[in-house]
Each structure stands twice: as C-alpha cells, then as structure tokens.
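Contents: one structure, followed by commentary.
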Amino acid sequence: MISKYRKQFNQEFTSEKYEEFKEILKQKSGLIPAFRLSESPMFLSHEFKNKLIDASESIIDQIKELPKGTLEKAIPENCKVPNDTAQPHFFTIDFGICRSENGEIEPQLIELQAFPSLYAFQKVFEDTFCELYPFLNEIKSKIPQQEFQTYIRELIVDNENPENVILLEIYPEKQKTAIDFALTEKLLGIKTVCLTKVKKEGKKLFYEHEGKNIQINRIYNRVIFDELDRIPDLKLEFDFREEADVQWVTHPNWFFKISKFLLPMLKHQFVPKSYFLHEFPESERLENFVLKPLFSFAGSGVNLNPTKEITEAIEDKENYILQRKVTYEPVFEDINGEFSKAEIRLLYIWREQDERPILLENLGRMTKAAMVNVDFNKKDAIWIGSSNAFFVED
C-alpha cells in the first residue's frame, strides 16, 4: 500500500535473508517457529491506522456500556470458573484489510478476544525485521523494548516473585505457539507449566521445580478451557471450576465473554452485520454470510459457503453466528508481482487500574488463500503466514 517502503523492501529481499531471519528468531528463542512466517511485513498508512483505532475505540465503548450481566450469558454452564474479574487483562481485535464500495482501503471487523496472543513473540518479530532491514527502524513501534517489557511485567507478574508466576498451557511443547512461551520466559523470568503437572493441596496450587514444590500465586493462562474435554484420557489434579488461591491473567471466563458472542451486538461502519444463527432473519440471504461457531479457535469450524441444509442440521443454533461476508483486498505486492491479502490483529493490554486498554503491538496474517489462516496456504507461495504491520505516512 505504501509504495516507497514496499519498493525498498522488495529490492532488498533475498531468500538468504529470509533464512537468516528464521535463524535469528531460533537463536533468540531456542526454538524453530512451528507456524509459517511471512517473508514480508505489511506497510499500512496512518490513515488506515486511524480507521483501526476509531473502530476499536467504538467497540470498547460499546462493550463498557453493555447492561450488567450481558457478557456472563456467554459462559457455558460447565465452563464457569470462580472469582471472575471486572475486566480482562488482554484484549485483541482482528480486522480484515478490505476495499470499500467507494474504492478506499478500510478495516472490517472479523472477531475479537480477551485471550492472550503472541505478545512476546511479536515484539521480537518486529525487532528482527528491523535488524535485517535497518531502514525499517524509522517506522518501527514507538514503544521501546524496555517500556514494553515493563508493561508486560506489571500485567503478568505484578508484585509477585516470578517463581510464583507460571505460564499455564496444556502440553505446551506440542503447541504451535511454543516459541512465544519461550520468549515470555526470557522476558519475565517465569516458567511454562503443563496443566497436567499442576498439584493441588486444599485451595493452593503448586508446580515442581528441581525437586521442590513451588506455590503458584498467579497464572498467565494460555489454556482454552472448553478444549480440555476433547483431550482423551486427560488426568488432572486441578479443575478450573474449583476454588483456588490464585490470580488469573486473564480469567478463563473472559475467553467466552469477549468473543464472537458479541458480534451481533456491535454497530460501526467497520463492523459487518452479524446474527445469532437462531435469530437469522428471513429478509437476509444466506449466501451473503459466513457461518462461525462462537468459540472456535484459529479458524476451525468456519464455513465460508453455508447452505440451508447445513444450518438447519445444526442443533445448538445459539452457539453459532452468521457474519456478513467481507472481501479482502490483495494489496501486498511480492517480488513476483503477485499480491497477498491480510488480516491485522491489534494487541491491547488492560491493566486492572485502567479504565481503557492500551495498544501495545500488532500481529499480521498474510495469505493468498480463501481463508486468512496459515494452514490454508499453498506451500510454494510467498508473502504468506505470520507478519507484522508498520505504519507510515502516506
């Protein structure tokens, strides 16, 4: 979109630099990324960023103004966790990069979550782009590394000893996001602990380190609670639904409360119309909508072309939405003159003492496929996968 920076990046890009890029990330984290990394960042205008911020601020306002108890309705009865919090610690919003009817590039809301994304990884990702392409330093994020680390430390560790704070995941070594766990450990000095290794004595939780039981006071939660039921023969000492003397970052209930459940309630120029499946009006045409389960992750269960037969066969219609289709615009030119489409995720943190969340970073996903998910791309394509956006003057 921004010809000056796109042209310079494409001129400087080589496949050798891309391999070096991945090697630097491996050295910094100790792991090879388990998901595809785009060869290129995304260059977006400040005008486009202002549209993103305008939509996000409106969405935040609308969430804050919802009647008390509205969000609680999203939590399945079998997934309610005690000691909920007044607000989430994380807030992420995904927008597709689209073209409006009048020809302008604009964002369109895809989904939103109060679940941690790749906060530690994205900062390192951006810095690594800048190391290999020094001209990017003039347009990099204005939040320096030390300030970023302070924000994340205050949010996740707070005043606790880092050894009493854990990053909690189920089988973390098998997760595609393991590289983010490793970088979080380096950033904060905390341990990543598998849920199967958590011990419970009364209301206190512990993990074992070097033969000693270490009490857990604060949990940086990366477990998607409702997915635990799908893991066969899972043996746990700790059930999320039990009372425990811990502080959650962020509380598991927020995974449900800030989710696609909210989409039918939101109104904005950059928010496509959405309906719960059981409330879909006859006046609308099904072919203009995408079918999405409320609590899916990484694009699972999404149907781009739902039919009446498919929707009528769904029994729990209240757990699905229909969202008006948007058209992603291929605007990111690669070295072969082909173009990629993309989504951008804004990564906010929401400290307990703050009225509003703070935008810290962004995450991009580039594609040449129908769905913007790294699993749906052809293996020989370029300018696809996880990316990062740089905002520049038009």
Obtain the nm distance between the two label points defined at Ser58 and Lys140 by a simple spin-label model: each point lies 7 Å from its Cα along the Cα-to-C-beta direction. 3.4
Just to be sure I understand the model, the point goes 7 Å from the Cα along the line to the Cβ. What's the resulting Glu147 to Phe35 distance in nm? 2.7
Which order results if Glu393, Glu169, Glu20, Glu101 are arranged by neighbouring Cβ count within 10 Å, fewest first? Glu101, Glu393, Glu20, Glu169
Sorted by chain and number, the residues with a modelled amide H under 5 Å from that of Arg351, at a separation of 5 or more or across chains, are Ile358
Extension gain from Glu315 to Glu154, taking 0.36 nm per residue of separation minus the Cα-Cα distance: 53.6 nm
As straight-line cross-link partners of Lys260, the qualifying lysines (C-alpha separation under 17 Å, not fewer than 8 residues apart within one chain) are Lys64, Lys73, Lys273, Lys292, Lys317, Lys325
Taking 4-16, 31-43, 351-363, 117-129 and ranking on average Cβ neighbours within 10 Å, highest first, one gets 117-129, 31-43, 351-363, 4-16
If packing is taken as the mean number of other Cβ atoms within 10 Å per residue, what is the order of 260-268, 106-114, highest first? 106-114, 260-268
Give me the extension gain from Glu355 to Glu131: residue separation times 0.36 nm, minus the current Cα-Cα distance, reported in nm with one decimal. 77.1 nm
Give the lysines reachable from Lys199 as a straight Cα distance under 16 Å; neighbours fewer than 8 places away on the same chain don't count. Lys191, Lys212, Lys235
Take the alpha-carbon centre of region 302-360, take the same for region 85-132, and report the distance between them in whole Å. 11
Multiplying the sequence separation of Asn83 and Asn303 by 0.36 nm and subtracting their Cα-Cα distance, what value in nm do you get? 75.7 nm
Arrange the following residues from fewest to most other Cβ atoms within 10 Å of their Cβ: Leu132, Leu205. Leu132, Leu205
How would you order 170-180, 231-241 from highest to lowest mean count of nearby Cβ atoms within 10 Å? 170-180, 231-241
Estimated inter-spin distance, Asp245 and Glu173, nm [label 7 Å along Cα→Cβ]: 3.2
Round to the nearest 0.05 the FRET efficiency obtained for Asn336 and Asn50 when R0 = 25 Å and r is the Cβ-Cβ distance. 0.20
Under Stokes-Einstein, with the Kirkwood radius over Cα pairs standing in for Rh, what whole-number D in µm²/s applies to the chain at 4 °C and 1.567 mPa s? 58
Report the GluC sites (Glu not before Pro) located in region 281-344 that are in a DSSP loop and have at most 11 other Cβ atoms inside 10 Å of their Cβ, or state none. Glu282, Glu315
I'd like the FRET efficiency for His278 and Lys203, computed as 1/(1 + (r/R0)^6) with the beta carbon distance as r and R0 of 51 Å, rounded to 0.05. 0.80
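Bear in mind these aren't lab numbers, they're just calculated from the coordinates by the rules spelled out. Being a predicted model, the structure only gives us computed values, none of them experimental. Heads up, the Cβs are rebuilt from the backbone with ideal geometry, glycines too, and the neighbour counts pull from every protein chain shown.
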